[in-house]
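See structure below.
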């Protein structure tokens with residue numbers, strides 16, 4: 001629930017996204033097409049980062065957007081922005097596939113190879129805003145110490161638990177948790193204004 | 001994660017930050033750096049922070065067909081009641097290649113392996129055939145040798161029979177100018193003549209090896225005229241043994257001359273051995 005003394009100040013883009021989700025509830029296919037146009041490239045980048053396969057990533061994005069279409073009534077703006085909702089759905093499906101494969105390390109290598117060839121220039125106002133948001137996030141991620149960024153990316157993009165990270169890297173579990181917490185705190189502080197715009 | 005059911009955000013955070021001890025949890029929930037933000041809002045910020053991470057990636061533009069396929073799947077919902085992604089038929093060369101290339105590579109490797117196996121088997125069979133042929137030739141050679149040995153044995157047996165025949169006559173051969181005692185050092189021979197005066201056996205020793213372009217020739221002297229009984233050669237150290245079932249009637253002497261290869265009609269070369277029938281003696 002929103003505190004009474006802190007009125008919601010969602011960005012216009014976020015409000016447009018929520019309107020589109022409302023139209024999904026009314027089975028408006030054009031709304032789905034517009035959500036696709038606004039988020040598909042970001043969702044595809046996420047799925048490809050997790051899976052390392054362009055083709056599998058496209059299938060995951062398709063499945064995720066069909067889930068958005070069929071479960072639009074479940075979207076709760078008090079719990080997340082639309083983009084985060086779609087990100088979490090896409091990530092969840094991609095991680096499920098990844099775990100089924102049980103070849104996390106191989107995927108990581110493949111993703112690192114593919115990343116250098118998939119840059120796309122932004123187009124349109126929405127894309128520019130998204131691009132600027134991405135730039136700020138990348139800048140803040142780059143400012144993180146390597147060990148803190150590593151544990152955060154392993155957790156989010158590879159779906160590894162803290163314990164799995166500790167086992168894989170040979171770092172004590174407590175150290176992994178501490179690094180993750182520090183990374184979250186720094187990013188949250190640096191990106192607070194961007195994050196607030198999503199609420 | 002299906003939609004945003006109650007608790008799904010917490011699950012995500014726990015998955016990322018999970019298993020935190022009390023003081024660790026407090027360190028991230030502590031509002032000191034967020035100016036009095038309440039815990040629920042803090043949690044919401046964490047969720048949005050995680051949801052923002054993909055924006056740090058370079059966007060990846062989907063295939064143009066992907067959008068149409070998505071909308072086609074949604075459009076089919078009216079008929080089935082459930083939207084499902086049914087990929088329409090389309091060219092997917094990369095996927096086909098992705099499937100076909102490993103298969104082709106596998107088949108190629110299997111083919112090469114099979115070819116290699118067959119080639120190896122063929123080579124082994126060729127070696128076996130060659131070995132068998134060599135063995136067959138060896139057996140054939142052995143058979144020939146056995147046959148030759150058998151013939152030699154039969155001849156020796158005939159010669160022995162002739163030599164042991166009652167009434168055989170024995171005629172010594174030696175150089176004409178040598179005395180009776182000279183045979184110990186020079187060439188010499190013994191002619192055995194059966195009582196029928198037809199079968200004979202000649203044993204010669206001590207002849208020099210046949211010179212190049214020449215041959216030794218045996219003569220019987222009958223009625224005062226030499227009649228050729230054939231030519232022969234001498235290898236170093238080998239004795240000469242000759243035999244026949246015919247001898248000219250009235251033979252009174254025997255001689256060996258050295259003639260050109262192939263022999264001559266009448267003796268012209270040097271005489272190396274001579275045997276006088278008058279010196280022959282009947283044994284047994």
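Side notes on the structure shown:
- Yes/no for residue B:234 being within 28 Å of residue B:157 (Cβ to Cβ) and not in a loop (DSSP other than H, G, I, E, B): no
- Yes/no for residue A:18 being surrounded by fewer than 24 Cβ atoms within 10 Å (Cβ to Cβ) and either more than 7 Å from chain B (Cβ to nearest Cβ) or touching a residue at least 60 places away in the same chain (Cβ under 8 Å) (or both): yes
- Among the numbered conditions (1) buried (at least 17 other Cβ atoms within 10 Å of the Cβ); (2) within 56 Å of the chain's Cα centre (by Cα), the only one that residue B:220 does not meet is (2).
- Entirely in the stretch A:6-70, the helices (runs of 4 or more DSSP H) that have 1 or more residues that are farther than 25 Å from residue A:197 by Cβ: A:29-51, A:54-70
- From the list A:139, A:143, A:163, the one residue that fits, being within 11 Å of another protein chain (Cβ to nearest Cβ), surrounded by fewer than 15 Cβ atoms within 10 Å (Cβ to Cβ), modelled with pLDDT of 85 or more and closer than 19 Å to residue A:193 by Cα, is A:139.
- Unique match (being out of contact with any strand residue (DSSP E or B) (no Cβ under 7 Å at 6 or more places or on another chain), in a helix (DSSP H, G or I), more than 23 Å from residue B:244 (Cα to Cα) and modelled with pLDDT under 85) among B:152, B:106: B:106
- Verdict on residue B:85 being under 30 Å from residue A:63 (Cβ atoms), modelled with pLDDT of 80 or more and either under 53 Å from the mean Cα position of the chain (by Cα) or at the interface with chain A (Cβ under 10 Å from one of its Cβ atoms) (or both): no
- Filter result for the condition that a residue is within 58 Å of the chain's Cα centre (by Cα) and under 19 Å from residue B:282 (Cα atoms), over B:193, B:227: B:193
- Single unsatisfied condition, residue A:66 versus (1) more than 7 Å from every other protein chain (Cβ to nearest Cβ); (2) without any contact (Cβ under 8 Å) to a residue 40 or more places away in the chain; (3) touching a helix residue (DSSP H, G or I) at 6+ places or on another chain (Cβ under 8 Å): (1)
- Some residue of the stretch A:172-189 being more than 23 Å from residue B:41 (Cβ to Cβ), free of Cβ contacts under 8 Å to residues at least 40 places away in the same chain, touching a helix residue (DSSP H, G or I) at 6+ places or on another chain (Cβ under 7 Å) and not in a helix (DSSP H, G or I): yes
- Here is the figure for the stretch A:44-64: residues that are within 14 Å of the chain's Cα centre (by Cα) and within 19 Å of residue A:29 (Cα to Cα) total 2.
The values are calculated or read from the model by the stated rules, or taken from the named source; none is laboratory data. If you're wondering where the values come from, they're calculated on a predicted model, not measured in any experiment. Backbone-built Cβ (ideal geometry, glycine too); neighbour counts: all protein chains shown.
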